[in-house]
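Data first, discussion second: the structure below is written as structure tokens.
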Amino acid sequence: MLFISLTKFKTKPTLEVTNSWHKRVDPVLKKNNIRMVAAFWTLGKYDAVLVFDAPSEAKLLKFLYDSSDFIDTETMSAVTESNAETLLG
């Protein structure tokens with residue numbers, strides 16, 4: 001399942017902060033079979049857009065709760081255009 005997270009950093013992003021976050025969350029992602037498909041830093045209301053591929057909503061939700069001291073997110077599930085067209089019939 002694909003998920004898109006609109007993300008705001010809780011502290012000023014520095015190389016040290018992002019490295020610390022990756023050091024902590026990368027093993028959790030791997031353990032829960034979650035893959036970060038893409039990460040984009042953005043201008044505007046959100047600091048970053050993260051795209052995840054996770055086996056379930058529950059697994060991703062747990063991961064996001066565990067990351068909540070670093071980031072705030074607004075997360076939504078996503079389907080590819082071809083999958084959406086299939087659903088339309």
Stokes-Einstein D for segment 2-84 at 10 °C, 1.306 mPa s, Kirkwood Rh over Cα pairs, in µm²/s?
-> 120 µm²/s
Spacing of the two label points (7 Å from each Cα toward its C-beta) at residue 8 and residue 56, in nm | 3.1 nm
What is the calculated FRET efficiency for residue 85 to residue 38, with r their C-beta to C-beta distance and R₀ = 25 Å, to the nearest 0.05?
-> 0.70
Search the structure for amide H atoms under 5 Å from the amide H of residue 10, placed 1.01 Å from N in the peptide plane, and list their residues when 5 or more places away or on another chain.
-> 71, 72
Residue span residue 18 to residue 72: 0.36 nm per residue of separation minus Cα-Cα distance leaves a gain in nm of 18.0 nm
Stretch gain in nm, segment residue 28-residue 49, where the contour uses 0.36 nm per residue and the Cα spacing is subtracted | 5.6 nm
Under the span-like rule (Cα at least 30 Å along the axis, Kyte-Doolittle mean at least 1.6), DSSP H helices of the chain | none
For residue 55, net neighbour charge (Lys/Arg +1, Asp/Glu -1) across residues whose Cβ lies under 14 Å away = +3
Straight-distance crosslink candidates among lysines, where the alpha carbon sits under 18 Å from residue 45 and sequence neighbours closer than 8 are dropped = 8, 10, 12
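Values in this text are rule-based calculations from the coordinates and carry no lab data. Keep in mind that what you see is a predicted model, and the values were worked out from it rather than measured. When we count neighbours, we look across all protein chains shown, and the Cβ atoms used for this are built from the backbone with ideal geometry, even at glycine.
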